[in-house]
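Novice: Can you read through this structure? Questions will come right after.
The values are calculated or read from the model by the stated rules, or taken from the named source; none is laboratory data. Everything quoted here is computed from the prediction, not taken from an experiment. Cβ coordinates were reconstructed from backbone atoms using ideal geometry, including for glycine residues, and neighbour counts include every protein chain displayed. The area values use the complete protein model at the heavy-atom level, side chains included, leaving out ligands, DNA and RNA. Shrake-Rupley method; radii C 1.70, N 1.55, O 1.52, S 1.80 Å.
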Amino acid sequence: MAHMFIPGPVDVDPDVLAAQTKQMIPHRSAEFEQLFRGTEAKLKKVFFTDTRVFQAPASGSGMQETGVRNLAQKDVLSCINGAFSERWYQVAVTNGKQADRLDVPWGEIIPPDMLAEALKRKFYEAVTIVHNETSTGAENPLKALAAVVQEFSPETMILVDAVSSLGGVKIETDDWGLDFILTSSQKCMALPPGMSFAAVSDRALKKAETVENRGWYFDLLRMEKHRIKNSTAMTPTVSLINALDVQLDKMLDEGLENRFARHTAMADRVQTWAYENGMEPLAPEGYRSKTVSTIKNTRGVDIPAFNKFLMDKGMRIANGYGDLKNKTFRIAHMGQTQMHHVDELLDAFETFMAKM
Ligand SMILES: *Cc1c(COP(=O)(O)O)cnc(C)c1O
């Protein structure tokens, strides 16, 4: 069965794809407001929040921009352990923020002690953390990192990118005190690309009131003014929202806990398989992604050739990211990917390696 194992965009189920072919409706209409209210209510369950979830017509990077633009006038601390946390730092800098870096080598996680030390040295209005580094397959200890911010710098806004984990891994937005947490449509949410979603705390909106030059398109206060009327300032992605509605039903029907368990089981399967085949994950034990396994290519597999072999069977994986290209490869197991898809991929992998 054709299937992609790349960390976004992921395969979209046929009924979700089909939902996009519905005819348009005016966005200033009772029908749209009802649809939009419904998707927000379901998103709140996935985000484990009672507060609010914005549904924006922009990919996740747009929401990274929203976070730093609205929640810090000047001082930001960017925790950096891979390509997407590096991007968030760049987004902060190019929006005129004074961003400091807290770097660890790619593949590692941000140790909570290290964050605590940085917060003791200087006051930051916001800290940015990528929960699941898609470039390395490392999952940061988000709950512990959030707890450190609350202990050592309680006024600091906690900004989280959970683009490649939210919907596949349990993240308790309200209980962990996260102020701003975003995801994109095309990864664990298993939708086409083009939207992002962000849960935002009440105190974050209060903070935004004090920040100048929030812009127009990504102004959280403008977004909130429209959200409470179940609408958006600009024309929303009507077709994608129809797909979102169907996909959220699918996720809630599966049961979120079942969904999280499915992702964990697929990660265990791939990572155990790697050891059985003389390879190992890049990230340290205990901090390995549940949604994208990044494996050190110690067997010297020709990844482009392997992908060519896979594509004849309708499958593909992702090469390593940036400098990790060919040194690692990535097998995403997120969204609607099922264990039987993973089994089929690993069988093909063994067939390919036997011929090397
Ligand atoms: C894919 C990804 C992004 C970028 O999201 P877009 O929707 O492509 O803008 C950001 N962060 C992480 C962790 C990602 O995996």
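Novice: Return the percentage of antiparallel bridges among DSSP beta bridges fully within the chain, rounded to the nearest 5 %.
Specialist: 50
Novice: Per residue, how large is the accessible surface of the chain? Use a 1.4 angstrom probe and give square angstrom.
Specialist: Counting only protein heavy atoms, the per-residue value for the chain is 39 Å².
Novice: Arg288's amide H: which non-local residues (gap 5+, or another chain) put their own amide H closer than 5 Å, with H modeled 1.01 Å from N in plane and none for Pro or chain starts?
Specialist: Here the answer is Glu139, since their amide H atoms fall under 5 Å of that of Arg288.
Novice: For the pair Ala233/Asp103, report the inter-label distance in nm, with labels modelled 7 Å from Cα in the Cβ direction.
Specialist: The answer from the label model is 3.5 nm.
Novice: Do any of Lys42/Lys143; Lys143/Lys327; Lys206/Lys250 go past 25 Å between their Cα atoms, and which?
Specialist: Among Lys42/Lys143; Lys143/Lys327; Lys206/Lys250, the Cα-Cα distance tops 25 Å for Lys143/Lys327; Lys206/Lys250.
Novice: While we're here: Can you give me the long-range amide H partners of Ser135? Hydrogens built in the peptide plane at 1.01 Å from N, cutoff under 5 Å, separation of 5 or more residues or another chain.
Specialist: Ala83, Phe84
Novice: Per residue of the stretch 136-145, in order, report the coupling 6.51 cos²θ - 1.76 cosθ + 1.60 (Karplus, θ = phi - 60°) as ³J(HN,Hα) in whole Hz, putting x for Gly and Pro.
Specialist: The phi angles translate into 10, x, 9, 9, 5, x, 4, 4, 5, 5 Hz.
Novice: Here is a follow-up. What does the C-alpha gyration tensor say about the overall shape of the stretch 19-252? Classify as rounded when a/c is under 1.5, otherwise prolate if a/b is larger than b/c, or oblate.
Specialist: Cα axes put the stretch 19-252 in the prolate bin.
Novice: Based solely on its DSSP helices, what 222 nm [θ] is calculated for the chain when runs of n ≥ 4 H residues each add -39,500 (n - 2.57) and the sum is averaged over all residues, nearest 500 deg cm²/dmol?
Specialist: Value at 222 nm, helices only: -13000 deg cm²/dmol.
Novice: Compute the distance in nm between two label points, each set 7 Å from the Cα along the Cα-to-Cβ direction, one at Leu256 and one at Ser29.
Specialist: 3.1
Novice: Among the GluC sites (Glu not before Pro) in the stretch 262-356, which ones are in a DSSP loop with at most 16 other Cβ atoms within 10 Å of the Cβ? Mind listing them?
Specialist: Filter output for the stretch 262-356: Glu285.
Novice: While we're here: Out of all DSSP beta bridges with both ends in the stretch 227-356, state the antiparallel percent to the nearest 5.
Specialist: Of all bridge pairs located within the stretch 227-356, approximately 90 percent are antiparallel.
Novice: Per 0.36 nm of contour for each residue apart, how much would the distance between Asp113 and Glu209 grow if the chain were fully extended, relative to their Cα-Cα spacing?
Specialist: 31.4 nm
Novice: Whole-Hz ³J(HN,Hα) for each residue in the stretch 305-312, computed from phi via Karplus 6.51 cos²θ - 1.76 cosθ + 1.60 with θ = phi - 60°, x for glycine and proline: what do you get?
Specialist: Going residue by residue, I get 5, 5, 5, 5, 4, 5, 5, 4 Hz, with x marking Gly and Pro.
Novice: Whose amide H sits under 5 Å from the amide H of Asn326, counting only residues 5 or more places off or on another chain, with H placed in the peptide plane?
Specialist: It is Gly320, by chain and number.
Novice: Using a 1.4 Å probe on the protein heavy atoms, what percent of the accessible area of the stretch 1-78 belongs to carbon and sulfur?
Specialist: Carbon-and-sulfur percentage of accessible area, whole number: 55.
Novice: Applying the Karplus parametrisation 6.51 cos²θ - 1.76 cosθ + 1.60 with θ = phi - 60° to the phi angles of the stretch 244-260, what ³J(HN,Hα) value in whole Hz is obtained for each residue in order, glycine and proline being reported as x?
Specialist: Taking θ as phi minus 60°, the curve returns 4, 4, 5, 5, 5, 4, 4, 5, 6, 5, 4, x, 4, 5, 5, 5, 5 Hz for the stretch 244-260.
Novice: Between the stretch 1-75 and the stretch 150-172, what is the separation of their alpha carbon centroids in Å?
Specialist: Each part reduced to its Cα centre gives a spacing of 18 Å.
Novice: Set the Förster distance to 22 Å, then compute FRET efficiency between Lys22 and Ala2 from the Cβ-Cβ distance, nearest 0.05.
Specialist: So, using R0 = 22 Å, E works out to roughly 0.30.
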